[in-house]
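Any read-out appearing in this document is the output of simple, stated calculations on the displayed coordinates, not a laboratory observation. The structure presented is a predicted model; accordingly, all values stated were derived computationally and were not measured. A quick note on method: Cβ atoms are made from the backbone with ideal geometry, for glycine too, and the neighbour counts reach across all protein chains shown.
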Amino acid sequence: METTERGRTTELFESLGGTVADGFPAIHSPVYRTGTGTAYLKAPGVVMLSKPQVNVRGLGDFLEGFDPELGFPAYIDDPTELPDSSQLCKTAGQLCYASFGPRRTTNENAAAYFERLTSAGHGSVLEHASFSFLLYGISRSVTHELVRHRAGVGISQVSQRYVSGSVLRFVERPEYQDDGELHRLFEERVDRAAAEYEEMAGRLLERQERGEALLDAEYRTDARKKVQQTSRSLLPNETEAPMMFTGNVRALRHIVEMRADEHAESEIRTLAVRLFLCLVRTDPILFGDYQLQSLPDGTHKVTTKYRKA
Ligand SMILES: Cc1cc2nc3c(=O)[nH]c(=O)nc-3n(C[C@H](O)[C@H](O)[C@H](O)COP(=O)(O)OP(=O)(O)OC[C@H]3O[C@@H](n4cnc5c(N)ncnc54)[C@H](O)[C@@H]3O)c2cc1C
């Protein structure tokens, strides 16, 4: 029997340890330690923290205010329940043409409704639904690529100026993980980076406290910040850089298309595929045109014929 698209995404989600609690999907990532205790991760952790909640009944009084012959109030009694994000975007789109009457596209045909929009590149109604994610187990090099996406996103990232070495962790690239020599070199390198960071921070702080102020620092946190902002210069690209990432569906679709593409850099592709798996799990309609495909090296890509809605 042929595996459906839904079956493929569910299978990969579950094989990556994906879970859904109260409707919120997550793919967590375990933490490893080197022999001397330096913490590192081998894959992105993606946790959906927020998604839309829609009150369609709120349209009631507005719809009652039109000629009863138009039959608008029945809009709120559509028997087919949609994911809130789909419902929100569909209602936004139907408001444009006052498509609330009996000839409207009902929820049962929501997938076809969105296909008409995405195939025509009319993606603006997708901007109403936003999702927020905690992203961790991602390196500074990946986040530098991710933050290039400006339109329709919100980003809050851990401050290397503010946090101390006590939360320092690293990310091992997939290429190192199955190669004994490269893995050993990685562990040695992150041990060294963590030790050098601590040593540098210690020396700078000592100087600061002795009054050999490198920079003016009236308060203790300020002194710490100035020590850390200097010490971080020696941290490698493979330092973990967790963030809260919010995007509307139009932006998220574009990011999945660009970054889950087979030509995207491998670490960001892994992240984008996980983001997609969480999104399609939550809203199989808004992301229903995407196809998950395996690549020869065992990784995955995501494609759609309706790019850049
Ligand atoms: C495989 C790959 C390789 C890359 N290599 C490089 C590289 O070598 N060097 C490099 O610097 N970058 C590189 N990038 C980053 C790339 O150039 C973009 O900065 C990044 O992908 C963000 O995408 P975006 O421009 O579509 O922005 P988004 O913020 O995601 O914007 C979405 C869309 O909104 C519109 N938009 C956004 N902002 C504006 C604006 N200011 N004016 C008008 N329209 C706007 C555009 O249509 C845009 O496509 C690479 C990206 C990929 C995927």
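P(r) tail, region 176-236: Cα-Cα pairs separated by more than 13 Å, 64% of all pairs. Positive-end ranking of Phe186, Ser86, Ala21 along the dipole of the chain, with charges on Cβ about the Cα centre, is headed by Phe186. Placing R0 at 35 angstrom, the Cβ-Cβ distance between Asp22 and Tyr97 gives a FRET efficiency of 0.50 after rounding to 0.05. Taking the alpha-carbon centroid of each part, what is the distance from region 186-213 to region 53-101 in angstrom? Using only Cα atoms, the two centres lie 60 Å from each other. For region 176-236, a crude dipole built from +1 on the beta carbon of Lys and Arg and -1 on the beta carbon of Asp and Glu, taken about the Cα centre, is about 360 debye to the nearest 20. Hand me the GluC sites (Glu not before Pro) from region 118-215 located in a DSSP loop with no more than 13 other Cβ atoms within 10 Å, in residue order please. Qualifying residues, ordered by number: Glu212. Calculate the length of the line joining the C-alpha centroid of region 148-173 to that of region 251-309, in whole Å. Distance between centres, Cα-based: 22 Å.
Taking the chain as a Gaussian network of alpha-carbon nodes connected by springs under 10 Å, the highest mean-square fluctuation of the residues Thr19, Thr80, Thr38 belongs to Thr80.
Only helices enter this figure: runs of n ≥ 4 DSSP H residues, each worth -39500 (n - 2.57), summed and divided by the residues of the chain, yield -12000 deg cm²/dmol at 222 nm to the nearest 500. Extension gain for Ala112 to Tyr162 (0.36 nm times residue separation, less C-alpha to C-alpha distance): 13.2 nm.
Taking Cα atoms of region 56-128, Rg/Rh with Kirkwood Rh, to two decimals? That ratio is 0.95, to two decimals. Please compute the Cα-Cα pair-distance distribution of region 69-222 with 10 Å bins starting at 0, giving whole percents from short to long. Over region 69-222, the share of Cα pairs per 10 Å bin runs 8, 22, 18, 16, 14, 12, 8, 2, 0 percent.
Only lysine pairs 8 or more places apart, or on different chains, with alpha-carbon atoms under 21 angstrom apart are counted in the chain, and they number 4.
All C-alpha to C-alpha distances of the chain, sorted into 10 Å bins beginning at zero, yield P(r) values of 5, 23, 26, 20, 13, 8, 4, 1, 0 percent in whole numbers. With a Förster radius of 45 Å applied to the beta-carbon distance between Tyr32 and Asp67, the computed FRET efficiency rounds to 0.10.
With an a/c value of 1.5 or above and a/b not larger than b/c for the gyration tensor axes a ≥ b ≥ c computed over the alpha-carbon atoms, region 155-309 is described as oblate.
Dipole check for the chain: with +1 at the C-beta of Lys and Arg, -1 at the C-beta of Asp and Glu, and the Cα centre as origin, the magnitude is about 640 Debye.
Can you run the Rg to Rh ratio on region 1-142? Use alpha carbon positions and the Kirkwood inverse-distance Rh. Rounded to two decimals, Rg over Rh is 1.12. Residues considered: Leu295, Leu286, Leu271. Largest GNM mean-square fluctuation over the chain, using C-alpha springs under 10 Å, is found at Leu295. Looking at region 237-309, the pairs of alpha carbons with a distance over 14 Å make up 59% of the total.
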